[in-house]
Amino acid sequence: MNAARLYRTMRLIRRFEERAIELVRSGDIASGIHPCIGQEAVAAGVCAALRPDDIVLSNHRGHGHLLAKGSDPGRFLAELAAKDTGIDRGRAGSFHPSDFSVGVYGASGTVGHGAAIAAGVAWAVGQDSDRVVVSFFGDGAVSQGALLESFNLAALWQVPVVFVCENNYYATTLPADTAIAGTVTGRAEAFGIPAYTVDGQDADVVLEAAAGAVGRARAGGGPSLLEFSTYRYEGHHTFERTMRLRYRDEAEVARWRARDPLALQASRVAPGERERIDAEIETLLDEAVRYAVESPQPDPLDAFDHLYAGGMRVRAGVSHA
Amino acid sequence: MPKLSYAKALNRALSDEMARDPSVFVMGEDIHLALTQTTTGLLDRFGPQRVVQTPLSEQGFTNFATGAAMAGRRPVVEYQIPFLLLLVIEQIANQANKFALMSGGQTRVPVTYLLPGTGWRPGWGAQHSDQPYSVFAHLGVKTVIPATPTDAYGLLTTAIRDDDPVMVFAPMPALGIREDVDYADLAPIPLGVGLVRRAGTDVTVVAVGHLVHDALAVAEELAGEVSVEVFDPRSLYPFDWAGLAASLERTGRLVVFDDSNRSCGLAGEILATAAEEMRLDAAPKRVTRPDGAVVIGCAPGLDLAVQPSRAQLTNAIRAVLKS
Ligand SMILES: Cc1ncc(C[n+]2csc(CCOP(=O)(O)OP(=O)(O)O)c2C)c(N)n1
Ligand SMILES: [Mg+2]
């Protein structure tokens, strides 16, 4: 994999998130977002190991997953702004985006429960193809019983899924070491699933680990788990900017910032090429922001659209007679 | 004409759909030996890739089915016992039932949740006797409850072919019901289409699931005294409001006979809608379980005292006729 491509993906994610935070401040993204700034190497490295027809199940901190899988930044920003031109017609927002055109099958808001959905997708596609499914979740997810159920099912039936735990050491304000008895990898190993803890701040290292796990799944070797050690620079959610929550100290944040994954990847790309990529991304995002802001809101008359795939219409909340 | 039992009708519908559409598969606990009889013979016919026996991981396999459905399959998920639904409300109502919406129509989740044996099981205790169909109708999950073998076949078939999640409640007291059928007449039954099981002119009894048979018996008993129309909605969500309105146009009087708990149960919704929008010449009544989960499930005397009964229905019919 070419260093410049990884850099481009990471730079896109970083700048996309920064622009999205501006749109939160301006009120264009009413929900706020869970920024993934600081964790770009995981999304970029893992998705670089995937084929376009491979599938991803994302989570609430998922903007990087979609961008790395190839989602269009304009339609994605429009989705975050809940516009009718968004990927999901403004029905997903920042919390539940999916983009089936690039193989992102959704983001479950129920922490830890998306993994079993991913296992089911993998089981189904594994029967007549060599496609692979990646399930992203955080360190908070490993305390959910349903996650362990998904490990059990995936291992029993040897489905082509790669479980990716982005351990950023906090679940909202909860430090991982006060929440997790034993280890993340130990949970998977208990089900006979190979599991590795990997540096999540070096995109090359992420890619190499992911390529191994994806290759194994593609060859019929079944599930694996990768726990990436990473960090989010921003608060859990943008609402945290308005609160004074003290659950980690500035020195800790500074230590992680000093080993910035984007700066590390930038050092692997020639300066001229980097400038070209940076400029291209700024143009792309200027256009994306314009598209998101200028796009129309969904029509309230369409509020019942898509509630049921079969098109069933529901009764309104006000009785008609 | 051959006799078809309700349980066999479910089995036949499943088998026919699996033969017709290779994307259909069934998953659940103890289904290789067909503990509930709905999967009898299916393992031999279709193999373990389509008759997927699961560990006791209801939350896991419910979401697993959602994933398989988004990847193009049509899973039928069987739960042995109705309380298991309380474990997977989130997975059904908040995951499976919302992906079409959250994806803006990019995907669909055609899963069928099959509940063979809901409601009171004599002697099985308080935790095995629930009848939680109103919960799913409230949450907006398509929900059907067939009363007869023919409807069990037709509604399960439709549920499997539907592009959204559908709950199929098969009430315990109905499982043994047998019916003379011509197999050629078995066919899909659309959702949201009720059936007048017995025509009448004085009062409409909306009876749900197995209670349809009790309502028909009461109507017959009272035949000399009052002309009772028995309306079987068959599908609770969507509900056949037009069918109910047409019946009330004829009778103007309403009793709902429903095995839900009283508070926030289906009967309350039917009474409210009828009161708001339909012809009613007298205050309607309902016969349901009491508030709260008081079906204890051990002493039959206690349980029968708190379940909707024929005697209660008879009294309710007489009461609405007087008012
Ligand atoms: C089952 C569940 N419990 C609680 C929440 C509320 N919640 C949303 S995100 C979150 C923290 C998740 O932490 P983690 O999994 O480590 O991911 P991160 O936010 O660090 O990326 C919590 C508690 C939820 N959405 N689902
Ligand atoms: Mg975390």
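The values are calculated or read from the model by the stated rules, or taken from the named source; none is laboratory data. All values reported here derive from a predicted model rather than from experimental measurement. Methodologically, a virtual Cβ is constructed for each residue, glycine included, from the backbone with ideal geometry; neighbour enumeration extends over all protein chains shown. With ligands, DNA and RNA removed, areas are computed over all heavy atoms of the protein, side chains included. Shrake-Rupley method; radii C 1.70, N 1.55, O 1.52, S 1.80 Å.
Here are some notes:
- Of the candidates A:Gly317, A:Gly311, A:Gly272, A:Gly220, the single residue that is within 14 Å of another protein chain (Cβ to nearest Cβ) and loosely packed, with under 12 Cβ neighbours inside 10 Å is A:Gly317.
- A:Ala176 being within 9 Å of ligand 2 (Cβ to nearest atom), away from chain B (no Cβ under 14 Å) and open to solvent by less than 40 Å² (accessible area, probe 1.4 Å): yes
Residue-wise test of (1) closer than 16 Å to B:Ala69 by Cα; (2) within 9 Å of chain B (Cβ to nearest Cβ).
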| residue | (1), (2) |
| --- | --- |
| A:Gly112 | no, no |
| A:Ala118 | yes, yes |
| A:Phe136 | no, no |
| A:Gly145 | no, yes |
| A:Glu149 | no, yes |
| A:Asn152 | no, yes |
| A:Leu156 | no, yes |
| A:Pro160 | no, no |
| A:Asn167 | no, no |
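- Selection status of A:Leu207, among the aliphatic types (A, V, I, L, M) and within 16 Å of ligand 2 (Cβ to nearest atom): no
- Tally, over region A:104-128, of residues that are away from ligand 2 (no atom under 16 Å from the Cβ) and either touching a Leu at 6+ places or on another chain (Cβ under 8 Å) or without any contact (Cβ under 8 Å) to a residue 40 or more places away in the chain (or both): 14
- Across region B:80-117, the number of residues qualifying as at positive phi and touching a helix residue (DSSP H, G or I) at 6+ places or on another chain (Cβ under 6 Å) comes to 1.
- Failed item, numbered, when A:Asp28 is tested on (1) crowded, with 21+ Cβ neighbours inside 10 Å; (2) of a type in the set (D, E, K, R); (3) within 19 Å of A:Gly74 (Cβ to Cβ): (1)
- Filter pass, A:Ser295 being away from every other protein chain (no Cβ under 14 Å), among the hydroxyl-bearing types (Ser, Thr, Tyr), more than 16 Å from A:Thr9 (Cβ to Cβ) and open to solvent by less than 30 Å² (accessible area, probe 1.4 Å): no
- Against the criterion of being within 16 Å of ligand 2 (Cβ to nearest atom) and at pLDDT below 95, A:Glu252 does not qualify.
- Apart from one condition, A:Tyr233 fits all of (1) within 14 Å of ligand 2 (Cβ to nearest atom); (2) closer than 26 Å to A:Gly186 by Cβ; (3) under 20 Å from the mean Cα position of the chain (by Cα); the exception is (2).
- Which numbered condition B:Pro165 misses (of (1) buried (at least 24 other Cβ atoms within 10 Å of the Cβ); (2) more than 14 Å from every other protein chain (Cβ to nearest Cβ)): (2)
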